[in-house]
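A quick write-up on the structure given underneath.
Where a number appears in this text, it was derived from the coordinates with a stated rule and is not lab data. This structure is a prediction, so every number in the text was calculated from the model and none was measured. Don't worry about glycine lacking a Cβ; one is built from the backbone with ideal geometry, like all the others, and counts go over all protein chains shown.
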Amino acid sequence: DAGVIQSPRHEVTEMGQEVTLRCKPISGHNSLFWYRQTMMRGLELLIYFNNNVPIDDSGMPEDRFSAKMPNASFSTLKIQPSEPRDSAVYFCASSTMGGTEAFFGQGTRLTVV
Amino acid sequence: GESVGLHLPTLSVQEGDNSIINCAYSNSASDYFIWYKQESGKGPQFIIDIRSNMDKRQGQRVTVLLNKTVKHLSLQIAATQPGDSAVYFCAAPSGAAGNKLTFGGGTRVLVKP
């Protein structure tokens, strides 16, 4: 398996634009996590899904952020409108529900100017 | 203006020496604890986990110790190598499904040749 695949690897966008980050989890994994990493706040859990259903979105900063998982092999994290303070590295991770190991993608480095 | 970022504790280690990284946790109900390693430009990578009913677990060159009395977790790396230079995170699960993974602030390990 190629591991968790995220796209794009880098994204530079202007303030106010919509940004969509994409994630393909490892086949067979039924839990998917979106994290954000910044120097200020470290690694924060934004939202996670079990069996494509959002379980906990309490980490989502505000209504500008939304996440979907239409099927077991794809998830998106959308920011609309984007702001400079959204600049961060966004990681997607997947795991089996009973497993202790979450596998992370390479991340998407987002820069909002 | 000047920005204030998350201050990562840093451990400088001579190549070949042993490293000890510490972590304090607050949730006594966690069933297990995990150590992750994050190299520059990459996503966190699972190193080792330990169940809450254990106090020690050994892997390849790594040992994790769990002291539930004082809610303390440590990762020992034997014969530290340059490839061990990274940021190390402890993590613990929570949430109703038991797989909501929350990360600590991290410790940077710098291996000196």
Residues of segment B:89-113 being assigned to a loop (DSSP other than H, G, I, E, B), within 7 Å of chain A (Cβ to nearest Cβ) and in contact (Cβ under 8 Å) with a residue 60 or more places away in the chain, in sequence order, are B:Gly105, B:Gly106
Those residues of segment A:58-73 which are surrounded by 13 or more Cβ atoms within 10 Å (Cβ to Cβ), more than 16 Å from B:Phe103 (Cα to Cα) and over 11 Å from the mean Cα position of the chain (by Cα) amount to A:Pro61, A:Arg64, A:Ala72, A:Ser73
Checked segment B:70-88 for anything part of a strand (DSSP E or B) and either of a type in the set (Lys, Arg) or touching a Ser or Thr at 6+ places or on another chain (Cβ under 8 Å) (or both); matches are B:Leu75, B:Gln76, B:Ile77, B:Ala86, B:Val87, B:Tyr88
Residues that are part of a loop (DSSP other than H, G, I, E, B), closer than 23 Å to B:Gly98 by Cβ and either within 13 Å of chain A (Cβ to nearest Cβ) or in contact with a strand residue (DSSP E or B) (Cβ under 6 Å, 6 or more places away or on another chain) (or both): does segment B:4-21 have at least one? no
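I'd like the full set of residues that are among the polar types (S, T, N, Q), farther than 19 Å from B:Gly106 by Cβ and in a strand (DSSP E or B), limited to segment B:22-69.
Within segment B:22-69, B:Gln58, B:Thr63, B:Asn67 qualify.
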For A:Thr96, the lone unmet condition from (1) buried (at least 20 other Cβ atoms within 10 Å of the Cβ); (2) within 14 Å of chain B (Cβ to nearest Cβ) is (1)
Condition set in a loop (DSSP other than H, G, I, E, B) and acidic (Asp, Glu), scope segment A:63-93, selection farthest from the other protein chains (Cβ to nearest Cβ): answer is A:Asp63
Restricted to segment B:48-86 and to residues being surrounded by 20 or more Cβ atoms within 10 Å (Cβ to Cβ) and among the β-branched types (Val, Ile, Thr), the residue farthest from A:Glu101 (Cα to Cα) is B:Thr80
